[in-house]
Amino acid sequence: METAKKIPTEKAMTKNPSTLLDLIDEGFGKNTTGVAAATKRNGIWLKTEVAEFREKVRYFAFGLYELGVRSGDKVALHSESCTEWLWIDQAILSLGAASVPIYTTQPGDQIKFILENSGAKAYIYSKDDLFDAVKPLIKQIQTVEAVISFLPSIHDKVKTTEEVIEVGKKRAEKEPGLLDRLRESITYDKLATLIYTSGTTGRPKGVMLTHHNLVANIKSTVLHMPFDIEAMRGHRMLSYLPLSHVLERMGTFMYMYMGYPVYFIEDIMNFADELREVDPVFFITVPRLMEKVHLAVRERGGQLKGWQKKLFFWAIHLAENYNVDNPPSGIEVFKYTIADKIVYSKIREVFGKNLIGIISGGAALSPLIVRFFSALGYFCNQGYGLTETSPVLTINDMVRHKLGSAGYPIEEVELKIADDGEILAKGPNVMKGYYKLPEETAATIIDGWLHTGDMGRIDEDGFLFITDRKKALFKLSTGKYVAPQPIENALAESPLVEQVVVMGNEKKFCSALIVPNFQAIRTRLEQLSHLNDEHLAREDPVKELVQDEVDKVNKQFAIWEQVKKFVLLAEPLTIASGELTPTMKVKRREVQKTRRKEIEEIYPPGDE
């Protein structure tokens, strides 16, 4: 078996707090801004000072206790990412209870399952738009004793957080030492959260993460920040991904532990404007946002004329070929200096004045994107992990990085590759198990090693390379095995491709369902720009453009891995259709059902 090398590193920043509550308290002591977090709402930044944050945590916890929430109970949290999410989560933890996050995009049947399976004692949501779809389901769930809203609600029986806080103040007057006693009783192995996995192949499973799981992961990950934490303290961190996702949630815990205020933007559609407003040092992202920024830059350049256009794309070509692992020297440095002056400096204005680093998670980040953003002057790379690992297992950092890899193991994490190619992991961040699923837990954690379900390899320097999901592998009728993800990732690098699903199980050849980037298509084919998406998907010139992209990608793969046929989809894969998980992963089985008609165009029934 391949095993990742252990790399000695410096010790953690300070003492090792045993619970998330200790960790946040320690972080607030380092915060020099006085602001714990801020949320933009209706165009206004609402800042919450550290003292106010602590007060809300205290009295909301007392209020939940008065409503019947006790140590070991579960409390569901259904909301967009915002400051309230953070202090409500801390209040839940203060009681020794565990929070159960629910995505705002989660369908009703999954929400009902999560509430029932977790035995949630209370259900807390942000606004009535979310509750309207859940209200009929709540009545069927016996365990839910309280329904609470962040914002004013039209529903009579729903309590607001302010009302719960007022109840909490009265309880605190009667028994002021209660919360301190409850907090002191919380041990490192106490359940902190129950996170239900996306469920690409079936029902969501509740991942049990303890305080120690998350604290260990935060303490190790913070050592790999691409900037001097002490020197930059006083600046801001940006958060825009769902706090329901463990990576962003762990990230916000980490930011607060580092002593930085967290800023939550209001509208992802205005990301560029809000990014400039926040002017952060660092943020966590997903590949698709980075890809869209890259595409937008190219589209802007395409509108230039003459020598300006030539100079622009000369600079962009340099950026897209930047050597991340061995930065340019000699005359090459001069070229990048010129490119920076005339092009890169203008692009950087979108990101504010203080941004240093961007880390991507959730899916593979294209080397092209890493090269592009690195040339702009940012640290940009990726890591790897799972909900079951709290989540970070590996990371590329400023000291050790390798293009195309998922990084190397963080402190206290061990990796090895099983004989069948599956990635196995061990460490203090590995989950306690799946809630109420002892058999599945036993099948996933064997002899202390978590079986990740991902396939990969570890190179001679200890860097991990992901090849695909184990269950995504398929076998052609010729007997050849195909890993679809690398092919999909390569196709998705094209500015003309928005989404792609590669298929071919038990068929003679590989094929693909492709959702084009219709905006980019219209830019390329101005004569067809008046057509809607449905009509564009049927036009031969559009198919020819995409075919050119497929042909380029095919050259990178073995002949049996090459995409021989494809169909263009006018409608994207969505969460609402059941084709994507809340974390935007493709549910291949569902796609097989929902896109049966298109698949039969490629593989006609009876034509095996």
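The numbers here are math on the coordinates, done by the rules we state, and not lab data. Model, not experiment: these values are computed from the prediction. Every residue, glycine as well, gets a Cβ built from its backbone with ideal geometry; the counts of neighbours run over all protein chains shown.
Can you tell me the orientation of helix 287-302 relative to the chain, as the angle in degrees between its alpha-carbon axis and the longest Cα principal axis, to the nearest 10?
With rounding to tens, the tilt is 50 degrees.
Can you sort Tyr103, Tyr188 from fewest to most other Cβ atoms within 10 Å of each residue's own Cβ?
Tyr188, Tyr103
Taking the Cα centre of the stretch 473-602 as origin, sum charge times position over the Cβ atoms of Lys and Arg (+1) and Asp and Glu (-1), and report the length of that vector in debye to the nearest 20.
That gives a dipole near 660 debye.
Got a sec? How would Lys335, Lys157, Lys190 order by Cβ neighbour count within 10 Å, fewest to most?
Arranged by neighbour count, lowest to highest, Lys335, Lys157, Lys190 become Lys157, Lys335, Lys190.
So which of Lys508/Lys593; Lys426/Lys555; Lys47/Lys190; Lys205/Lys564; Lys416/Lys555; Lys543/Lys593 end up more than 26 Å apart, counting from Cα to Cα?
Lys426/Lys555; Lys47/Lys190; Lys205/Lys564; Lys416/Lys555
Tell me which residues come under 5 Å, amide H to amide H, from Val500 once H is placed; ignore anything under 5 positions away on its chain.
Val515
Pairs of Cα atoms under 8 Å, at least six residues apart: use those to get the relative contact order of the chain, whole percent.
Answer for the chain is 13 percent.
With θ taken as phi - 60° and the coefficients 6.51, -1.76 and 1.60, list the Karplus ³J(HN,Hα) couplings across the stretch 240-251 in order, rounded to whole Hz; mark glycine and proline as x.
Whole-Hz 3J(HN,Hα) from phi for the stretch 240-251: 9, 7, x, 6, 5, 8, 4, 5, 5, 5, 4, x.
For the chain, take the longest principal axis of its alpha carbons; what is the angle in degrees between that and the long axis of helix 161-174, to the nearest 10 within 0 to 90?
Taking the Cα atoms of the chain, the angle to 161-174 is about 30 degrees.
Within the stretch 284-403, what percent of beta bridges assigned by DSSP are antiparallel, to the nearest 5?
35
Please list 3J(HN,Hα) in residue order for the stretch 327-334, calculated via the Karplus relation 6.51 cos²θ - 1.76 cosθ + 1.60 where θ = phi - 60°; whole Hz, with x for glycine and proline.
x, x, 9, x, 4, 4, 4, 4
What does the charge dipole of the chain about its Cα centre add up to, to the nearest 20 debye, if the Cβ of each Lys and Arg holds +1 and the Cβ of each Asp and Glu holds -1?
120
List, in the order given, every pair from Lys74/Lys436; Lys219/Lys436; Lys470/Lys585 whose Cα-Cα distance in the structure shown is over 19 Å.
In this structure, Lys219/Lys436 exceed 19 Å between Cα atoms.
Rank the residues Ser198, Ser239 as a footprinting-exposure proxy: fewest other Cβ atoms within 10 Å of their Cβ go first.
The order, fewest Cβ neighbours first, is Ser198, Ser239.
Rounded to the nearest 20 Debye, what is the dipole magnitude of the stretch 198-275 about its Cα centre when Lys and Arg each give +1 and Asp and Glu each give -1 at the C-beta?
Dipole about the Cα centre, nearest 20: 500 debye.
Between beta-carbons, use under 14 Å as the cut-off and find the net charge around Ile114, counting Lys and Arg +1, Asp and Glu -1.
My count for the surroundings of Ile114 gives +4.
If amide hydrogens are placed 1.01 Å from N in the peptide plane, which non-local residues have theirs closer than 5 Å to the one on Leu393?
Amide H neighbours of Leu393: Tyr384, Gly385, Leu386.
By how many degrees, 0 to 90 and rounded to 10, does the Cα axis of helix 108-118 deviate from the longest principal axis of the chain?
On a 0 to 90 degree scale, this one is about 50.
Amide H to amide H, which residues 5 or more places from Leu580 or on other chains are under 5 Å from it, using H placed in the peptide plane?
So Leu580 has HN proximity to Thr574, Ile575, Lys587.
How much mean residue ellipticity at 222 nm does the chain get from its helices, if each DSSP H run of length 4 or more adds -39500 (n - 2.57) and you divide by all residues, to the nearest 500 deg cm²/dmol?
Here the helix-only value at 222 nm equals -11000 deg cm²/dmol.
Under a cut-off of 17 Å between alpha-carbon atoms, report the aspartates and glutamates in cross-link reach of Lys309, not counting same-chain residues fewer than 8 places apart.
Output for Lys309: Glu299, Glu320, Asp340.
Enumerate the calculated ³J(HN,Hα) couplings along the stretch 133-140 in order (Karplus 6.51 cos²θ - 1.76 cosθ + 1.60, θ = phi - 60°), each rounded to whole Hz, writing x wherever the residue is Gly or Pro.
Those phi angles translate into 7, 9, 3, x, 7, 4, 4, 8 Hz.
Using DSSP to define loop residues, name the trypsin sites (Lys or Arg not before Pro) in the stretch 510-540 whose beta-carbon has at most 12 other beta-carbon atoms within 10 Å.
Arg538
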